[in-house]
Amino acid sequence: MALIVPFRALRPTPASAARVAAVPYDVVNVGEAHALAAGNPLSFLHVSRAEIDLPAQTDPYSDVVYRKAVDNFDTLKRQAPLVEEDSPSLYVYRLKMGNHVQTGVAGTFSIDEYERGVIKKHEHTRPDKEDDRTRHMIELRAQTGPVFLTYRASNTVDTIVNDVRRGSMLFDFTAPDGVQHTMWRADEGKVPDLVAAFDAIPSLYIADGHHRAASAARARQQLRATGASHCESDRVLAVAFPDSQTQVLPYNRVVKSLGSQSPTSFLAKLREQFDVQEGPAAPARRGHVAMFLDGRWQTIDLGEAPRDLSASDRLDVSRLQQKLLAPLLGIGDVRSDKRIDFVGGARGTAELEQLVTSGKYAVAFSLYPVSVDDLMQVCDAGGIMPPKSTWFEPKLRDGLLSHLI
């Protein structure tokens, strides 16, 4: 069953929370991180992306970056200030993005359950990214950004969450991207109720934050090797949201070149294999892919997915790869091929048009989003989602809750 454990959070004061909170470290490059933190010494990006405070071209994995992160973390503790709770607790964290609202429970979750598969993953991780966050955690002795979990909705959890929300807010602010972040600290009477309610949930699923989770497991292993007992490092900071509220946006594709093909000849090849019609920028249903080519949007019908395919291979993103990108454009491995890039659905289809119209890319593909149920089916079958297939939005903010290990 899913174990959730209260913890003594390190957090900003309500007055400084909006300035401290920052986008996740891995959704921005160094230039974007530098711009977002400019003029704000309290931005948590000074901790999560400390290279922004070092000379340009500094290797982000060099010793000096981790030393700077530790220094910046210590400075932030004093200046924000960051305060450590006097007793362990759990939190309710609500995000509102336009008309979409999702409310989760923040706490720490068992790394043993992660390693046993009670907390299920759906993507492979990269060793270099694991190395980075593992060292970041060990140097700071803290997990400074939560993993985003989801689970099959529970009426019991929902009822307790609604009770907690009747209390006083701890944080309530709207970030520069327009997303409202609101948090409540559960009172002592509700904490055991939440723990018991999660104990009845059979599985949790990582939506976002695979590298954070893998790095927390590796950090625990390294800390154990020192011979000391570190019970806090047995757990990973996360926020768990019900599947009924979790929003998945598409992860779209842009390709730099058609090779030796012209737009006309490429379109002719497509029409030999697919029904291609004029269509909208966002596909209307599963099995349709919108393509921006030569200044116009068209819809490619991939047809019905064969029933004998695995849950992962039935997804539109897999079928686009197998039926179009590989055979017609020669893109065999999207992880390593430099001709393809990926655009999160939050940027909208106008971003795809701009990238192609600018001449930087030759063609764009706008996908119908996978569902949370798709993800759970793949995980339950022991499978792995295709690379760059899910974009969860809105994103949790770093710096609002840190877990000292």
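The figures follow:
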read-out: Pick from the range 134-157, criterion β-branched (Val, Ile, Thr) and open to solvent by 20 Å² or more (accessible area, probe 1.4 Å), ranking: nearest to residue 396 (Cα to Cα); value: 138
read-out: Only one of 77, 68, 120 that is modelled with pLDDT of 95 or more, within 29 Å of residue 370 (Cβ to Cβ) and of a type in the set (Lys, Arg); value: 120
read-out: Residue tally, condition basic (Lys, Arg) and within 21 Å of residue 131 (Cβ to Cβ), over the range 50-78; value: 2
read-out: Which numbered condition residue 169 misses (of (1) more than 23 Å from the chain's Cα centre (by Cα); (2) buried (at least 20 other Cβ atoms within 10 Å of the Cβ)); value: (2)
read-out: Filter result for the condition that a residue is open to solvent by less than 50 Å² (accessible area, probe 1.4 Å), over 23 Å from the mean Cα position of the chain (by Cα) and touching a residue at least 24 places away in the same chain (Cβ under 8 Å), over 119, 160; value: 160
read-out: Residue 86, sole failed condition from (1) surrounded by 13 or more Cβ atoms within 10 Å (Cβ to Cβ); (2) within 29 Å of residue 164 (Cα to Cα); (3) charged (D, E, K, R); value: (1)
read-out: Tally, over the range 337-354, of residues that are among the hydrophobic types (A, V, I, L, M, F, W, C), crowded, with 19+ Cβ neighbours inside 10 Å and in contact with an Asp or Glu (Cβ under 8 Å, 6 or more places away or on another chain); value: 1
read-out: From the options 32, 51, residue that is over 26 Å from residue 224 (Cβ atoms), at pLDDT 95 or above, within 19 Å of the chain's Cα centre (by Cα) and of a type in the set (D, E, K, R); value: 32
read-out: Which numbered condition residue 341 fails, given (1) assigned to a strand (DSSP E or B); (2) over 13 Å from residue 255 (Cβ atoms); value: (2)
read-out: Some residue of the range 129-148 being more than 25 Å from residue 49 (Cα to Cα) and more than 20 Å from the chain's Cα centre (by Cα); value: no
read-out: Options 328, 309; residue that is in a loop (DSSP other than H, G, I, E, B) and out of contact with any Asp or Glu (no Cβ under 9 Å at 6 or more places or on another chain); value: 309
read-out: In the range 271-306, the residues that are open to solvent by less than 50 Å² (accessible area, probe 1.4 Å) and assigned to a loop (DSSP other than H, G, I, E, B); value: 274, 279, 281, 283, 287, 302, 303, 305
read-out: Residues of the range 188-211 classified as more than 17 Å from residue 110 (Cβ to Cβ), among the aliphatic types (A, V, I, L, M) and without any contact (Cβ under 8 Å) to a residue 12 or more places away in the chain, total; value: 0
read-out: Residues of the range 245-262 satisfying the condition of being over 30 Å from residue 161 (Cα atoms) and either open to solvent by 50 Å² or more (accessible area, probe 1.4 Å) or in a loop (DSSP other than H, G, I, E, B) (or both); value: 256, 257, 258, 259, 260, 261, 262
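The values are calculated or read from the model by the stated rules, or taken from the named source; none is laboratory data. Small disclaimer: the values here were computed from a predicted structure and weren't measured. Heads up, the Cβs are rebuilt from the backbone with ideal geometry, glycines too, and the neighbour counts pull from every protein chain shown. Note: areas computed on protein heavy atoms with side chains; ligands, DNA, RNA excluded. Shrake-Rupley method; radii C 1.70, N 1.55, O 1.52, S 1.80 Å.
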